[in-house]
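Presented below is the structure to which this report refers.
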Amino acid sequence: MKLLQASVCLISLVLVLPSIFAASSSEDFDFFYFVQQWPGSYCDTQKSCCYPTSGKPAADFGIHGLWPNYKDGTYPSNCDDTKPFDSSTISDLVSSMKRNWPTLACPSGSGEAFWEHEWEKHGTCSQSVINQHEYFQTSLGLKQKTNLLGALTKAGINPDGNSYSLESIRGSIKGSTGFTPWIECNRDGSGNSQLYQVYLCVDRSASGLIECPVFPHGKCGAQIEFPSF
Ligand code: 5GP
Ligand code: 5GP
């Protein structure tokens, strides 16, 4: 009888334990948005922008952030105030960050305040998968791999102030990365809808791009401007 009770106990444990672990890990987030911004569209708005202290960034997409998200469209934020941004953990990445993750907010800064904000709001929610160094390193790797400006220019879509169809923009990025992006628009000083940010999705272990389980909300026109920078 004791033996029977013990085996029932053991079998229940074997059945229940994995679901406990599965529940706790699936609850922290489901995938990432990797978000890149077009500097021309950040700067030509009514609000304008400020170049970083290191000077005008290259005319290229810059990283905005790597954002953990849930499949239902909601997202966690500011998950751990015991792990503040610590630039000494990413000193080997800083020169690349200045080039690839420049800040355009006013007043001018080195970028640290932007990186700190992104780490504290979003990065701290991904620590079950990547630490602070990996958070920034992964983002830099994704920027290089996705090469958005290369994808667009190869399709004849240039940052020249002309309008392009949203379909052609989406199609060129899908053709080049293999995955459907989500395009966010904003408005220039005269109110024209323009290409502002590009969202691609990354699997929850941060190992590569995936098709987005859910897209953010918002709408561009059928034709949008691609301003110069
Ligand atoms: P906005 O309201 O300007 O679209 O977004 C403001 C900020 O909220 C973003 O920069 C980002 O930090 C956060 N945010 C907006 N939408 C999403 C989303 O769909 N997922 C995640 N993880 N963060 C978002
Ligand atoms: P999020 O929208 O990711 O929550 O927050 C972006 C924050 O970073 C804002 O407080 C914004 O002022 C600051 N920030 C600094 N530099 C930049 C930049 O180049 N682009 C954007 N979108 N935000 C920046």
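Estimated at 0.36 nm per residue, the fully extended path between GLU211 and ALA113 surpasses their Cα-Cα distance by 32.2 nm. Treating r as the C-beta distance of SER48 and SER91 and R0 as 22 Å, the FRET efficiency rounds to 0.10. Computed 3J(HN,Hα) for region 160-166, one whole-Hz value per residue from the Karplus formula 6.51 cos²θ - 1.76 cosθ + 1.60 where θ = phi - 60°, is 10, x, 7, 9, 10, 6, 4, glycine and proline marked x.
Amide H contacts for TYR196 (H built 1.01 Å from N in the peptide plane; partners 5 or more residues away or on another chain; cut-off under 5 Å): GLU184, CYS185, ASN186. Shape index of region 85-181: Rg/Rh, with Rg the Cα radius of gyration and Rh the Kirkwood radius from the inverse mean 1/r over Cα pairs, equals 1.04.
Among the listed pairs LYS47/LYS145; LYS174/LYS219; LYS98/LYS219; LYS71/LYS98; LYS154/LYS174, those with a Cα-Cα distance over 23 Å are LYS47/LYS145; LYS98/LYS219; LYS71/LYS98.
Once the Cα-Cα distance is subtracted from the 0.36 nm per residue extended length, the ALA59 to LYS121 segment shows a gain of 19.6 nm. In order along region 39-54, phi translates into HN-Hα couplings of x, x, 7, 6, 8, 8, 7, 4, 6, 6, 8, 10, 5, x, 4, 7 Hz, rounded to whole numbers, per the Karplus curve 6.51 cos²θ - 1.76 cosθ + 1.60 with θ = phi - 60° and x for Gly and Pro.
Its residue count N sets the reference 2.2 N^0.38 Å, and the alpha-carbon radius of gyration of the chain equals 1.21 times that reference. Were the residues from ARG187 through ASP80 laid out at 0.36 nm apart, the gain over their Cα-Cα distance would be 35.1 nm.
In a simple Cβ point-charge model (Lys, Arg +1; Asp, Glu -1; nothing else charged), the chain has a dipole of about 380 debye relative to its Cα centre. Within region 164-223, the ratio Rg/Rh, alpha carbon atoms throughout and Rh by Kirkwood, equals 1.02.
As a rough footprinting exposure proxy, the listed residues THR74, THR177 were ranked by other beta carbons within 10 Å of their own, and the order from fewest upward is THR74, THR177. Listed peptides 90-99, 122-131 appear in the order 122-131, 90-99 once ranked by packing, highest mean of other Cβ atoms within 10 Å at the front.
Taking amide H positions as modeled 1.01 Å from N, with prolines and chain starts lacking one, the residues under 5 Å from GLY65 and 5 or more places away or on another chain are VAL35. Close amide H partners of ILE210, meaning residues 5 or more places away or on another chain with modelled amide H under 5 Å apart, are CYS201, VAL202, ASP203. How large is log10 of I(q)/I(0) for region 45-89 at q = 0.33 Å⁻¹ when the intensity is taken from the Debye formula with one equal scatterer per alpha-carbon? Values returned for q = 0.33 Å⁻¹ are -1.24.
Principal semi-axes of the equivalent ellipsoid, √(5λ) from the alpha carbon gyration tensor of region 54-141, are 22, 15, 12 Å from largest down. Rounded to whole numbers, the Karplus 3J(HN,Hα) couplings from phi for region 167-182 are 4, 6, 5, 4, x, 5, 6, 5, x, 8, 8, x, 10, 6, x, 10 Hz, using 6.51 cos²θ - 1.76 cosθ + 1.60 with θ = phi - 60°, and x at Gly and Pro.
For the chain, the relative contact order works out to 25 percent when only alpha carbon pairs closer than 8 Å and six or more residues apart are counted. Using just its DSSP H runs of length 4 or more, each adding -39500 (n - 2.57), the chain gives a mean residue ellipticity at 222 nm of -11000 deg cm²/dmol after division by all residues.
Coordinate-derived values only; no laboratory data. Every value quoted in this text rests on a predicted model; they were computed, and no experiment measured them. All Cβ positions, glycine included, derive from the backbone under ideal geometry; neighbour counts span all protein chains shown.
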